[in-house]
2 protein chains.
Amino acid sequence: MNALTPLGMVSDLPSENQTNTAVREAPLGQDNSDERTDYFVRRDGMTFAGTHLLVDIWGANNLDDPALIDSALREAAIVAGATILHSHFHHFTPNGGVSGVVVLAESHISIHTWPERNYAAIDLFMCGACDPHLSIPVLRRAFAPERVDVNEQRRGRVA
Amino acid sequence: MNALTPLGMVSDLPSENQTNTAVREAPLGQDNSDERTDYFVRRDGMTFAGTHLLVDIWGANNLDDPALIDSALREAAIVAGATILHSHFHHFTPNGGVSGVVVLAESHISIHTWPERNYAAIDLFMCGACDPHLSIPVLRRAFAPERVDVNEQRRGRVA
């Protein structure tokens with residue numbers, strides 16, 4: 001077993017959050033306990049799989065606190081309307097950086113922090129009815145960054 | 001507990017792959033069992049945290065096979081020189097799509113598949129000495145896509 005394993009924090013109790021506000025692919029009347037919520041969407045005359053925000057934050061705090069980061073990313077997922085399936089965070093020593101992911105039914109949120117630089121790279125990739133832009137204020141509150149760079153990419157464009 | 005939990009596949013036996021070919025931040029002689037390998041790099045006159053490839057594949061196969069996907073992404077990490085810390089894959093029903101992540105010491109690889117569209121969104125985000133471009137041939141062999149769109153983003157540019 002890798003010596004790093006004991007240092008990982010495994011958070012694998014998915015919430016039961018599920019939003020059901022938009023059109024779904026599964027026909028009505030069928031068992032939708034595992035209904036897919038990451039269907040393709042049409043917006044601004046474009047059809048695509050999902051919105052992927054590449055968020056770089058600078059001059060940020062709390063980047064070496066795995067519990068706070070776990071909580072912030074879960075809240076970020078919930079406010080965007082996403083469904084949490086699994087999360088895992090790794091805490092590095094000696095610099096205290098954290099790397100982790102939250103797997104969503106609608107894709108994922110990830111974070112990689114460099115506390116020594118007060119910098120973190122965050123990804124908010126969400127499909128279907130979710131809106132990752134709603135997650136940005138949550139990140140601002142959790143990390144109080146001096147600067148937030150948001151790079152929006154649309155994944156899986158078909159038209 | 002979420003009804004989706006039993007459907008998740010948890011693969012959490014990290015490999016012991018570790019490449020040690022580049023300059024490190026930890027001083028020589030210290031215990032480097034958790035030495036950070038995701039240091040900032042300087043390339044093409046630019047200093048940044050890491051290279052993030054957003055890879056969309058079309059006309060692809062094996063997008064509903066979690067075991068194959070797990071194996072392919074692990075191989076993709078290894079050939080790029082990355083260190084695997086954790087992985088988790090979720091298999092959706094009824095469409096068979098797979099969502100998952102491999103957490104690396106040097107960031108992460110993620111995948112979200114839409115077998116009904118023969119499409120998948122893959123992310124290869126790697127820092128330090130890793131080269132995510134080396135992962136692309138592994139993905140081509142695993143999924144045999146008709147088309148591969150690679151969008152390269154440099155995260156955390158400081159200069």
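Bear in mind that the values in this text are calculations on the coordinates, not laboratory data. Not measured: the values here are computed from a predicted model. Glycine also receives a Cβ, built like all others from the backbone with ideal geometry; neighbour counts cover every protein chain displayed.
Using alpha carbons only, the radius of gyration of segment B:33-82 set against its Kirkwood radius gives Rg/Rh = 1.09. Projecting 7 Å from Cα along the Cα-to-Cβ direction, the label point of A:M46 sits 2.0 nm from its equivalents in the other copies, listed shortest first.
Just counting partner chain Cβ atoms within 10 Å, what average do the residues of peptide A:37-49 show around their Cβ? Spell out each step's value before the answer.
Numbers: counts 1, 7, 3, 3, 0, 0, 0, 0, 0, 0, 0, 2, 7.
Average per residue, whole number: 2.
Calculated FRET efficiency, B:N118 to A:N151, Cβ-Cβ distance, R0 = 22 Å: about 0.20 to the nearest 0.05.
How much net charge surrounds A:Q153 when only the other residues with a Cβ under 12 Å from the Cβ of A:Q153 are counted, with Lys and Arg +1 and Asp and Glu -1?
On the way: positive: A:R154, A:R155, A:R157; negative: A:D123, A:E152, B:D56, B:D123, B:D149, B:E152.
Every neighbour counted, the sum reads -3.
Pairwise Cα distances in segment B:72-159 exceed 21 Å for 31 percent of all pairs.
Sorted ascending by nearby beta carbons within 10 Å, beginning with the fewest, A:T93, A:T37 become A:T93, A:T37. With label points set 7 Å from Cα along Cα→Cβ, the inter-copy distances at A:N62 are 4.1 nm, sorted shortest first.
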